[in-house]
Amino acid sequence: GQQVMQIPQYQHVQEGEDFTTYCNSSTTLSNIQWYKQRPGGHPVFLIQLVKSGEVKKQKRLTFQFGEAKKNSSLHITATQTTDVGTYFCAGRGNQGGKLIFGQGTELSVKP
Amino acid sequence: DTGVSQNPRHKITKRGQNVTFRCDPISEHNRLYWYRQTLGQGPEFLTYFQNEAQLEKSRLLSDRFSAERPKGSFSTLEIQRTEQGDSAMYLCASSTHGELFFGEGSRLTVL
């Protein structure tokens, strides 16, 4: 079945450093979404990527969808303490419907 | 509050008992999802509905789990003969066709 792998599991950075998390799917995806979950909270939608090779930016966050639509990345420039949380990618297969989440990357930012 | 509502927020039960969780999605959202999340892991797909039809159910889900969405509005997730391994946060999410909006979750502890 469809699997979504995410690395690294944890990332500890100094405030101001950059951060990247990578996501790989075992199957081609129709789209990929990214979510952020703060400690004690629930996942909150960040963005959806649909097109092969697509790149989207949200302020300091840059999201990419691979050419083969099997991988994705999230890059945060100049991290801030407000970026703390766990970032999840979630992929939807070509048959649509269910959204499969990766294991997440937990980001901690030291002031 | 027009977000996704889940109750109860916390449930402590003894092994072997049955439990039921309720999810009220955002009004007009035709898709409803159930996920299970344990500490340090991503949300694990359980099942999803489009209107009242249950379109997919995870093979990981044993026959002790059942979900319903009788009128295409609220949904219930029942776990029969609970086991300690069922202890987790049970998340409900609703959507139209894109991003998922999650509820705060129902935390189950099986003693």
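The values are calculated or read from the model by the stated rules, or taken from the named source; none is laboratory data. Only a predicted model underlies this, so the values are computations on that prediction, with no experimental measurement involved. Here Cβ is always computed from backbone atoms with ideal geometry, including for glycine, and neighbour counts include all displayed protein chains. When the accessible area is computed, the model is the full protein with side chains, heavy atoms only, and any ligands, DNA or RNA have been set aside. Shrake-Rupley method; radii C 1.70, N 1.55, O 1.52, S 1.80 Å.
Just for strands (runs of 3 or more DSSP E) wholly inside region B:1-60: which have at least 3 residues that are within 20 Å of B:Phe101 (Cβ to Cβ)? Step through it out loud before you land on a result.
Working: elements: B:5-7, B:10-13, B:19-24, B:31-37, B:44-50, B:53-57.
Because the criterion is at least 3 residues that are within 20 Å of B:Phe101 (Cβ to Cβ), the strands (runs of 3 or more DSSP E) in region B:1-60 that meet it are B:5-7, B:19-24, B:31-37, B:44-50, B:53-57.
Out of A:Ile100, A:Ile47, A:Ile32, I need the residue that is among the hydrophobic types (A, V, I, L, M, F, W, C), open to solvent by 20 Å² or more (accessible area, probe 1.4 Å) and assigned to a strand (DSSP E or B). Which one? Explain how you work it out, then say what you get.
Details: A:Ile47 fails: open to solvent by 20 Å² or more (accessible area, probe 1.4 Å); A:Ile32 fails: open to solvent by 20 Å² or more (accessible area, probe 1.4 Å).
Only one candidate passes the filter, namely A:Ile100.
List the residue pairs whose Cβ atoms are under 7 Å apart, where the first residue sits in region B:75-87 and is touching a residue at least 24 places away in the same chain (Cβ under 8 Å) and under 22 Å from B:Ala53 (Cβ atoms), the second is of a type in the set (S, T, N, Q) and outside any strand (DSSP E or B), and the two are 6 or more positions apart or on different chains.
Here the result reads B:Glu78/B:Asn18; B:Ile79/B:Asn18, each pair linking region B:75-87 to a residue that is of a type in the set (S, T, N, Q) and outside any strand (DSSP E or B).
Report, ordered by the first and then the second residue, all pairs with beta carbons closer than 9 Å, sequence separation of six or more or different chains, a first member in region B:1-27 that is charged (D, E, K, R), and a second member that is open to solvent by 80 Å² or more (accessible area, probe 1.4 Å).
From residues that are charged (D, E, K, R), the pairs are B:Arg9/B:Glu104; B:Arg9/B:Arg107; B:Lys11/B:Arg107; B:Lys14/B:Leu111; B:Arg15/B:Arg81; B:Arg15/B:Glu83; B:Arg15/B:Gln84; B:Arg15/B:Leu111.
Take the residues in region B:61-88 that are in a strand (DSSP E or B) and crowded, with 17+ Cβ neighbours inside 10 Å, then tell me which one is farthest from the other protein chains (Cβ to nearest Cβ). Break it down stepwise before answering.
Taking region B:61-88 as the starting set, the residues that turn out to be in a strand (DSSP E or B) are B:65-68, B:75-79, B:88.
Subset that is crowded, with 17+ Cβ neighbours inside 10 Å: B:65, B:67, B:75, B:77, B:79, B:88.
Values: B:Phe65: 15, B:Ala67: 13, B:Ser75: 15, B:Leu77: 16, B:Ile79: 20, B:Ala88: 14 Å.
Per the stated criteria, the residue is B:Ile79.
Just one of the numbered conditions (1) in a strand (DSSP E or B); (2) more than 14 Å from chain B (Cβ to nearest Cβ); (3) open to solvent by 50 Å² or more (accessible area, probe 1.4 Å); (4) not hydrophobic (A, V, I, L, M, F, W, C) is not true of A:Glu67; which one?
Among (1) in a strand (DSSP E or B); (2) more than 14 Å from chain B (Cβ to nearest Cβ); (3) open to solvent by 50 Å² or more (accessible area, probe 1.4 Å); (4) not hydrophobic (A, V, I, L, M, F, W, C), the lone unmet condition for A:Glu67 is (1).
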